[in-house]
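Trainee: Here it is, the structure, as structure tokens.
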Protein chains: 2
Amino acid sequence: MKNNKISLAEVAKAAGVSKMTASRVLRDEGGFSEQTRVKVIAEVERLGYLPNRLATVFAGDKRSTFVGVSIPELGNEIFAQVLEGIDRKLGAFGHQTVLGMTEHVRDQEEKWIETVLSWQPAGLIITGRSHSQRSIQMLRGAGIPLVEIWDFNSNPLDMCVGLNHFDSGYAMGQFLAGRGYRKFGYAGTSHDTANAASARLAGFAKAISDASGQLEKQILLRDVPGFYTGYYCTEQLLASHSDVEVIFYQNDNMAVGGYEYCARAGLSVPGDIGIAGWGDLPISSIQPYRLTSVAVPHLRIGQLSAEMVLARIHGTRVQPTRDVGFRLIPGTTVWPATS
Amino acid sequence: MKNNKISLAEVAKAAGVSKMTASRVLRDEGGFSEQTRVKVIAEVERLGYLPNRLATVFAGDKRSTFVGVSIPELGNEIFAQVLEGIDRKLGAFGHQTVLGMTEHVRDQEEKWIETVLSWQPAGLIITGRSHSQRSIQMLRGAGIPLVEIWDFNSNPLDMCVGLNHFDSGYAMGQFLAGRGYRKFGYAGTSHDTANAASARLAGFAKAISDASGQLEKQILLRDVPGFYTGYYCTEQLLASHSDVEVIFYQNDNMAVGGYEYCARAGLSVPGDIGIAGWGDLPISSIQPYRLTSVAVPHLRIGQLSAEMVLARIHGTRVQPTRDVGFRLIPGTTVWPATS
DNA sequence: TAGTGAAAAGTTACGGGTAACTCAAGTCAC
DNA sequence: GTGACTTGAGTTACCCGTAACTTTTCACTA
């Protein structure tokens, strides 16, 4: 697959100068006359020359302008927005995002890390804090800026920005217990790896047990955490445990699906059943109800992570760990506060 | 920024063989003894050698395994899912997605094309059919597989997969006129370039004029086409044109926002006002109502585009243009058919 | 007018792999 | 024992820019 692209040497020859001079003109490095500049630029235009950045990186024994970004999935709006924030910021500084979707599978992450490192990226942004042994080795050896995002970790491989998911689950459990709930349900999806959602569930369970409540049922479907899954999880959960008073969902999409199931089944919310989501998606606040949820500064996570990588690349000092926190949204889909 | 990475030469030296032999072992090319293989592999493991793919591409004067994918934005769920479909398919075949967000701006697309081409990608997938003159030149000169997606175009630069947005807008206009509507509104967002949404609006307007209806008001906010924008567009539109009978929205998110405005303003849907969206997002079918919309096989667009690029890379023949069509969803948010 | 220094340009080497070629040693048939 | 062939390996050149160094050109001064 020989490509017939124009090289700098050809441009230089056409302009009647040496490769080096042409190179200097293109990088505007100085050390050439106006006359020469004009000649070279003219040939560049005429021949449609596009530089080969591979060679540039290679020549300088430098790193590329790539930044590898791993995201578990894009079906979840939150991750899509984190990615958008990252790419926007990186793009503004002349960097390119090389995407990796790990689908919450650790082997896939490892394989992706290996591949992306072989392209000599300038930095890496990885979702999640749990990696395979080999991944950790490769990441350590790479010697490039690395940000682990989403799940806050005070002792990251390099840098970290995210929030404490366990705490956010705990906060929700505590909040619901405070509203008088005693019999709890949880609806989510299951994955190979311990992920942030599992941490939320663990925190939620802890809060319930601390409040002497009962986590009656956790349902974990092996499916994508979307509207339909929420709908069916709710149907299944209530079929087997009709005494559950409130359900905490892995995310808002599932919660909205759950709400809709209740509405169609003739159950009043929050009268008959309470609904709580996580993530505070835009959709949750444009419904006839205000979904009880946990708001997360996801845009900020994307932006910050990109900024941290960029700072490292440019040698600026940055705070290596950032806990962006969360905010509980009381909403109207659970019992009101007893005043 | 000298990197202290292990090179193949170092591995070879440690194993007591030549670079070439080590290279052969790693590529499993044959022409080496079992003994040699074991030695080389042992040193690769010991030193944690990771190949430099930049060098490979460079050496062979080949193309990389990158595929550049441009998407206008990720805030829109549909584009996120198109991207997910593409990356999944590409990843399965050992290719990496290099993301580019053009934000519907043509200059940004041009700049991205220039950059991504300089990395010698194996192929390109670009959203939209309208490009700058220089972009077209670069794309033509690149000589790599290229798929223009989203807006179907029977005469693409190379390949194309999408649907006819004009027709889909026309279909909606015709459908609504058939349901008895005469006074129409349109709510969308404005961008620099003629994009698919503009084509839909044009088709919609044509259908209305063909049916002797009246497009009372087009409102185009300079904002992201999401829930809130739909909410406020509706408020503004109805404030100035209260005689509008039905509103066609740029997408479902905006339509759901519009529905919510009507609900809060005490307007009955479809009694007082009809609502029609576009895209048929999951959210639209999990509401208490069924949104009138246009279903689009967006997952299929993503998958097909990746398949087309892969086929070209591997030298397989493929149909260069694919119209994936659309399907009108009558829904319950407009007047029922008069029987 | 030779000498000086700066500006403008050229030359060489290099980076990390791989294609293409060469070479050495062993195997086998006759 | 010799030539033909196979196998396992090494050598060389190259991809395309750029760093580092060298050479040429030229204006200006003593």
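Trainee: Taking A:Pro282 in one copy and the same position in all the others, each labelled 7 Å out along Cα→Cβ, what are the pairwise distances from the first, in nm, shortest first?
Mentor: 1.7
Trainee: Under a Cβ-Cβ cut-off of 10 Å, what is the net charge of the residues other than B:Arg88 that fall near it, where Lys and Arg count +1 and Asp and Glu count -1?
Mentor: Around B:Arg88, the charge tally is -3.
Trainee: Across the residues of B:97-104, average count of Cβ atoms on other protein chains within 10 Å?
Mentor: 5
Trainee: Just the C-alpha atoms of the stretch A:8-51: what Rg/Rh do they give, with Rh taken as the Kirkwood radius?
Mentor: My calculation puts Rg/Rh at 0.90.
Trainee: Stretched out fully, how many nm does the piece from A:Arg134 to A:Arg300 gain, at 0.36 nm a residue minus the Cα gap? All intermediate terms of the calculation are to be shown ahead of the outcome.
Mentor: Values: separation 166, 0.36 × 166 = 59.76 nm, distance 2.99 nm.
Difference between extended and current length: 56.8 nm.
Trainee: Okay, moving on. Within 10 Å of each Cβ in peptide A:55-63, how many partner chain Cβ atoms are there on average? Round it to a whole number, please.
Mentor: Partner Cβ neighbours, averaged per residue: 3.
Trainee: Compute for chain B: radius of gyration divided by Kirkwood radius, i.e. Rg/Rh, restricted to C-alpha atoms, rounded to two decimals. Intermediate results must be reported in sequence, preceding the final value.
Mentor: On the way: Rg = 26.0 Å, Rh = 22.7 Å.
Rg/Rh for chain B comes to 1.15.
Trainee: With each pseudo-label sitting 7 Å past Cα toward Cβ, what's the B:Ser118-B:Asp61 distance in nm, one decimal?
Mentor: Result for the modelled spin labels: 2.3 nm.
Trainee: Within 10 Å of each residue's Cβ, count the other Cβ atoms and sort B:Phe93, B:Phe227, B:Phe248 from fewest upward.
Mentor: Ordered by Cβ neighbours within 10 Å, fewest first: B:Phe93, B:Phe227, B:Phe248.
Trainee: Turning to a different aspect of this structure: So which residue of A has the beta-carbon closest to the axis that swings A onto B, and how many whole Å away?
Mentor: Residue plus distance in Å, as requested: A:Ala80, 2.
Trainee: Give me Rg/Rg_expected for the protein assembly as shown, where Rg uses Cα atoms only and Rg_expected = 2.2 N^0.38 Å with N residues.
Mentor: My calculation over the Cα atoms of the protein assembly as shown gives 1.06.
Trainee: If you take the charge dipole of the protein assembly as shown about its Cα centre, with +1 on Lys and Arg Cβ and -1 on Asp and Glu Cβ, which of B:Gln35, A:Gly180, A:Leu117 is farthest toward its positive end?
Mentor: Of the candidates, B:Gln35 comes out farthest on the positive side.
Trainee: Here's another thing I want to ask about it. Apply 1/(1 + (r/R0)^6) to the Cβ-Cβ distance of A:Asp28 and A:Asp323, taking R0 = 30 Å, and write down the FRET efficiency to the nearest 0.05. Working shown, then result.
Mentor: Working: r = 43 Å, r/R0 = 1.43.
Computed FRET efficiency for A:Asp28 and A:Asp323 comes out at 0.10.
Trainee: Using the alpha-carbon centroid of each, what span in Å lies between the stretch B:30-88 and the stretch B:190-268?
Mentor: Result: 45 Å between the Cα centres.
Trainee: Return the inverse of the average 1/r over all pairs of distinct C-alpha atoms in the stretch B:1-142, which is the Kirkwood hydrodynamic radius, in Å to one decimal.
Mentor: Kirkwood radius, the stretch B:1-142: 17.9 Å.
Trainee: Relative to a virtual label point 7 Å from the Cα of A:Ser240 in the Cα→beta-carbon direction, which members of the stretch A:267-302 show backbone nitrogen distances below 18 Å?
Mentor: none
Trainee: Mind listing the Cα extents of the stretch A:124-213 along all three principal axes, in Å, largest one first?
Mentor: Over the stretch A:124-213, Cα extents along the principal axes are 51, 23, 16 Å.
Trainee: What does the copy distance list look like for A:Ser268, label position 7 Å along Cα→Cβ, in nm and ordered from shortest?
Mentor: When each copy's label point is compared with this one, the spacings are 2.3 nm.
Trainee: Still on this model: Every other copy gets compared here: list the nm distances from the A:Ala202 label point (7 Å along Cα to Cβ) to its counterparts, shortest first, one decimal.
Mentor: Label point to label point, same position, other copies: 5.6 nm.
Trainee: Do the alpha carbons of any pairs in A:Lys19/B:Lys62; A:Lys62/A:Lys111; A:Lys39/B:Lys111; A:Lys111/A:Lys217 sit beyond 26 Å of each other, and which pairs?
Mentor: Correct reply: A:Lys111/A:Lys217.
Trainee: Okay, moving on. Once the convex hull of the alpha carbons of the stretch B:165-297 is built, what does its volume come to per residue, in cubic angstrom? Can you show the working numbers first?
Mentor: On the way: hull volume 12.9 nm³, N = 133.
Residue-normalised Cα hull volume stands at 97 Å³.
Trainee: Provide a whole-number value for the mean count of partner chain Cβ atoms within 10 Å of the Cβ atoms in peptide A:282-289.
Mentor: Counting other chains' Cβ atoms within 10 Å and averaging over A:282-289 gives 6.
Trainee: In addition: Of all beta bridges DSSP finds with both residues in the protein assembly as shown, what is the antiparallel percent, to the nearest 5?
Mentor: 10 percent
Here, each number is a calculation from the coordinates, and none is a lab measurement. Because the structure is predicted, anything quoted here is derived from the model rather than measured. Note that we place each Cβ from the backbone using ideal geometry, even for glycine, and neighbour counts take in every protein chain shown.
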